[in-house]
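Below is one structure, written out as structure tokens; comments come after it.
The values are calculated or read from the model by the stated rules, or taken from the named source; none is laboratory data. Values in this document were obtained by computation on a predicted structure and should not be read as measured data. A quick note on method: Cβ atoms are made from the backbone with ideal geometry, for glycine too, and the neighbour counts reach across all protein chains shown. Surface accessibility is based on the protein's heavy atoms, side chains included, excluding ligands, DNA and RNA. Shrake-Rupley method; radii C 1.70, N 1.55, O 1.52, S 1.80 Å.
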Amino acid sequence: MLEFLLSICKSPKFYVPVVTICITIVIINFSSKLVKKLINKNSNNFEIKKRNTIVSLIENIVKYILVIIALLIILSAWGINISALITGLGIAGVVGGLAIQDALKDIIMGCNIIMDNYFIVGDLVTYNGFTGEVVEFGLKNTKIKAFDGTVLVIANRQISEIINLSQKDQSIFIKIPTAYEETEENVAKVLNKVCKKIKDFKEATKEGEYLGVDELNSSSVDYLIKVHCKAGDQYSLKRKVLALIKNEFDSNGLKIPYAQIEVHNGKRV
């Protein structure tokens, strides 16, 4: 039995595939780590994300090429005529090209996305009403992850239009309903104070702006402020600003109206 196992191990049909697979895995892992180390060196955050996107696409291409080369080496070790196989694949490729048109379109569009700076990995984007972060960019598709964890997978060929929210800072408009009894002067004074404090939040890029009365509702006067923040931080900042407004209103005795029901218990009004 031992001699039988040794004879198998000494056979090129056994050790060539094993060595080829091991070397291929080592090369893929080493090249990936080397490239990531190089792109993270002396680069700002935007450049790192942009290069990560390009590297992600190149890694997929290199991986496929190495796998094909490894497969050809293994087939050659098993005694299969590679030249005839390649010739046959060339003929089959013409026929198969019709069947993989969509895949080719995905790859071509993936290159266009990079060249035209549609987006990069880490960008906040909106596609057909779906908003999220680009978490993966490959040869055939792009993955976008929403804030609730939902992941949208899009074929690259379908990305003709997409809204990139990371190209510049975001602006948030926040309505603050206030009781009619409060004067505009007092409300403006408190909200201007709030706007100055907003710059202390890490998500904010500058002070907020008090824009004045936005609407006269049936039970409240709606005031409006404008807040500026980094892309992707608008939801976090909005929650903090609303909490700040509530605290300032409470401290200054300003009322925020809420729905009320009057019960007369059958008495005439």
task: For segment 193-230, enumerate the residues that are under 14 Å from residue 246 (Cα atoms) and assigned to a helix (DSSP H, G or I).
output: 193, 194, 195, 197, 198
statement: Of the candidates 50, 41, 33, the one satisfying the condition of being at pLDDT 65 or above and open to solvent by 50 Å² or more (accessible area, probe 1.4 Å) is 33
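For every residue, the table says whether it meets (1) open to solvent by less than 30 Å² (accessible area, probe 1.4 Å); (2) under 25 Å from residue 62 (Cβ atoms); (3) touching a strand residue (DSSP E or B) at 6+ places or on another chain (Cβ under 6 Å).
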{"residue": "116", "(1), (2), (3)": "no, yes, no"}
{"residue": "122", "(1), (2), (3)": "yes, yes, no"}
{"residue": "125", "(1), (2), (3)": "yes, no, yes"}
{"residue": "138", "(1), (2), (3)": "yes, yes, no"}
{"residue": "157", "(1), (2), (3)": "no, yes, no"}
{"residue": "160", "(1), (2), (3)": "no, no, no"}
message: When you check residue 173 against the structure, is it surrounded by fewer than 13 Cβ atoms within 10 Å (Cβ to Cβ) and modelled with pLDDT of 90 or more, yes or no?
response: yes
message: If residue 197 satisfies all but one of (1) out of contact with any Gly (no Cβ under 8 Å at 6 or more places or on another chain); (2) within 26 Å of residue 132 (Cα to Cα), what's the number of the condition it fails?
response: (2)
